[in-house]
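Below: the structure, in structure tokens.
The values are calculated or read from the model by the stated rules, or taken from the named source; none is laboratory data. What you are looking at is a predicted structure, and each value in this text was computed from that prediction instead of being measured. When we count neighbours, we look across all protein chains shown, and the Cβ atoms used for this are built from the backbone with ideal geometry, even at glycine. Quick note on the areas: whole protein, heavy atoms, side chains included, nothing else; ligands and nucleic acids left out. Shrake-Rupley method; radii C 1.70, N 1.55, O 1.52, S 1.80 Å.
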Amino acid sequence: MEKSLNVQGMSCGHCKMAVEGALNKLDGVSSAEVNLEAGKVVIAYDHSKVNVEVMKEAIEEQGYDVEA
Ligand SMILES: [Cu+2]
């Protein structure tokens, strides 16, 4: 499955790496791609292993706010 989340507060390459890194660490996430200009992250994941709540928490732990 693929999901796009709106993430507030990402401004630079460091933010991109932090968000992508946190998501890629989750079991079941196969790829995470941040678009800084759009303020979005597109996540490809295995729906039986991980869910949107877990992905949101991983982003929020890095200090960014997520809108569904
Ligand atoms: Cu940054």
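Bridgeable aspartates and glutamates around Lys40 (alpha carbons under 14 Å apart, same-chain partners fewer than 8 residues away excluded): Glu2, Glu20, Glu60, Asp65, Glu67. Its Cα centre serving as origin, the chain has a Cβ charge dipole (Lys and Arg +1, Asp and Glu -1) of approximately 120 debye. Counting only residues at least eight positions apart within a chain, or on another chain, the lysines with an alpha carbon under 16 Å from that of Lys25 are Lys16, Lys49, Lys56.
Modelled this way, with points 7 Å down the Cα-to-C-beta line, the labels at Lys3 and Asn24 are 2.0 nm from one another.
Accessible area per residue for the chain, computed on protein heavy atoms with a 1.4 Å probe, is 59 Å². Of the two radii for the chain, the radius of gyration is 0.92 times the Kirkwood radius, both from the alpha carbons; that is the Rg over Rh value.
Extending 7 Å from the Cα toward the beta-carbon at both Lys40 and Glu61 defines two label points whose distance is 2.6 nm. Between Cys12 and Glu53, the FRET efficiency from the beta-carbon distance, with R0 = 30 Å, is close to 0.65.
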